[in-house]
Amino acid sequence: MPVLSVNLLKYWEHVDDPFTLDLKKDFYQKNFKKIHKGKDASLPCFTIAKNEEEQYNIKAGYFIGVDWIEKDRTALYVEPKLNKKDKEVDYIKMLFSSLRHSDVSNEINELFEVKWEQSTIEIEQKQDLLTPFLVVEFLSLLKIIVRKGLKKSYYKVEQNLNSKVKGKILVGNTIKHNLFQNKNLYTYCSYDEFGLNNKENRLFKKALSFVKRYLPNYTKLFEIDTNYDLQNTFNFISPAFHEVSDIIELNEIKHSKTNAFYKEYEPAIRLAKLILKRFGYNISNTVKDKIQTPPFWIDMSKLFELYVLGLLKDRFQNNVEFQHKYYGNELDYLLNDKDFQMVIDAKYKLKYINGKNDDDIRQVSGYARLKNVYRALNKKQGEIIDCLIIYPDQENGKNDLFDIDLKLEKVKHYYDVYKVGVKLPIIN
């Protein structure tokens with residue numbers, strides 16, 4: 001049942017502050033569910049704990065979203081900021097930038113978690129972080145799909161044919177709609193047809209009708225940068241679905257067979273279903289000032305990882321490999337370029353602006369000792385492989401990675417370990 005009125009507290013990501021509120025328990029924590037190497041690797045979205053002085057303190061991780069502290073009574077809304085002084089991080093532009101590269105499409109499932117089974121929380125439309133996130137992901141995937149060409153396949157068609165028979169005769173419908181009404185020349189038939197109007201494309205068309213209603217409201221609430229104007233993306237996609245119907249029931253699509261060429265179909269189907277579910281299958285919900293949202297979390301650390309992948313791909317194209325895996329080890333990026341051969345890690349941590357994290361450096365240095373990495377980079381035993389940490393720096397960071405020396409800034413006390421700060425897009 002929707003919640004009409006709750007105490008909604010507003011904080012920002014990565015906060016560590018005193019917390020004044022009348023709560024029933026001494027400890028509260030909500031986690032972002034993650035499975036890594038078959039094991040539970042969940043991380044806390046926020047923790048509220050009472051100290052020895054009987055005062056609460058709140059610690060928020062690198063997640064944005066909204067969730068219950070006490071169900072149906074008090075909720076917490078966490079917005080995207082690196083710290084109190086910085087302007088708000090434009091997480092939508094980060095997402096839009098990273099999704100230009102098809103490598104990212106298989107990773108979007110790990111970006112967010114939605115707790116559909118829990119009570120909804122009322123927020124203002126402009127506080128809704130989830131819907132634009134889903135819409136940007138969905139439109140970006142459809143843009144890739146449209147560029148390749150929509151998938152054609154066989155699908156069932158039922159039609160009342162005049163003076164001809166095709167496929168299987170539907171006796172019941174023919175008697176009911178034709179013979180009883182003296183339409184003796186007509187026959188209801190069911191047959192297979194090959195074309196664009198298959199179930200998957202009809203689901204996309206249905207979701208696009210909801211997105212179409214939502215976009216004008218979105219542009220009023222948020223500053224739209226011409227570099228990632230969602231309306232232009234929608235206008236590019238829409239004509240491709242001209243011949244496709246939007247008549248579809250969600251239960252018609254349980255499993256979809258996809259091949260390597262149409263690998264974007266599977267995540268796009270999932271997102272289309274989530275968008276319809278997000279609006280409660282009611283198109284009028286796309287334009288309300290206040291909305292009911294299920295608790296959800298977006299992983300900003302993972303989003304930063306994908307954003308950095310986009311920056312690396314912009315410069316090095318296919319010479320950068322994402323998530324190089326070898327016997328339980330998973331590198332963020334492996335760069336094999338004529339100018340740079342490096343093991344690279346993305347760290348969504350402000351600590352690197354004026355310092356370092358020894359555990360992170362030990363981790364990336366360990367990756368640089370893997371035999372598989374030596375083989376991938378065609379290195380011989382005894383050669384040192386360079387390591388690079390990329391981190392956010394809003395003051396002195398780079399807007400992109402073009403035309404810069406990745407070895408310019410060394411990490412103190414280490415040989416052949418470097419760091420580069422990058423600026424994140426912000427909302428003015």
Based on the alpha-carbon gyration tensor of the chain and its eigenvalue square roots a ≥ b ≥ c, which shape applies: rounded if a/c is under 1.5, prolate if not and a/b is larger than b/c, or oblate? oblate
Quick calc: nm separation of the 7 Å Cα→Cβ label points for PHE236 and SER119 -> 4.3
Count of lysine pairs in the range 7-78 with Cα atoms under 21 Å apart, counting only pairs 8 or more residues apart in sequence or on different chains? 22
Rounded to the nearest 0.05, what FRET efficiency is calculated for ASN109 and LYS410 with R0 set to 41 Å and r the Cβ-Cβ distance? 0.65
Distance cut-off 20 Å, Cα to Cα: go down the list LYS302/LYS379; LYS151/LYS277; LYS356/LYS398; LYS93/LYS126; LYS313/LYS407 and report the pairs above it. LYS302/LYS379; LYS151/LYS277
Order 340-348, 134-142, 375-383 from most to least packed using the mean count of other Cβ atoms within 10 Å. 134-142, 340-348, 375-383
Under 1.5 on a/c is rounded, so check that first for the range 153-195, then, if it is not, pick prolate when a/b is larger than b/c and oblate when it is not; a ≥ b ≥ c are the square roots of the alpha carbon gyration tensor eigenvalues. prolate
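Below 8 Å between Cα atoms, with a sequence gap of 6+, how large is the relative contact order for the chain in percent?
Reported relative contact order: 17 percent.
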Rounded to the nearest 500, what is the chain's calculated 222 nm mean residue ellipticity when only DSSP H runs of at least 4 contribute -39500 (n - 2.57) each, over all residues? -8000 deg cm²/dmol
Output ordering of 162-175, 234-247 (per-residue mean of other Cβ within 10 Å, highest first) is 234-247, 162-175
Name the helices (complete DSSP H segments) of the chain with a Cα length along the long axis of 15 Å or more and a Kyte-Doolittle mean of at least 0.0, or state none. 130-148, 265-278, 300-316
For LYS152, counting only lysines whose alpha-carbon sits under 19 Å away and dropping same-chain residues fewer than eight positions off, the answer is LYS143, LYS199, LYS205, LYS206, LYS254, LYS257, LYS263
Electrostatic dipole magnitude of the range 301-422 [Cβ: Lys, Arg +1; Asp, Glu -1; Cα centre; debye, to 20]: 400
Candidate aspartates and glutamates for bridging to LYS156, where Cα separation is under 20 Å - those fewer than 8 sequence places away on the same chain excluded: ASP192, GLU193, GLU200, GLU243, ASP246, GLU249, GLU252
Report the gain in length on full extension from GLN159 to LYS212: 0.36 nm times residue separation, minus Cα-Cα distance, nm rounded to one decimal. 16.1 nm
Using only the Cα atoms of the range 1-79, build the gyration tensor, take square roots of its eigenvalues as a ≥ b ≥ c, and label the shape rounded, prolate or oblate: rounded if a/c is under 1.5, else prolate if a/b is larger than b/c, else oblate. oblate
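Any read-out appearing in this document is the output of simple, stated calculations on the displayed coordinates, not a laboratory observation. Note that the coordinates shown come from a computational prediction; the quantities given were computed from them, not determined experimentally. When we count neighbours, we look across all protein chains shown, and the Cβ atoms used for this are built from the backbone with ideal geometry, even at glycine.
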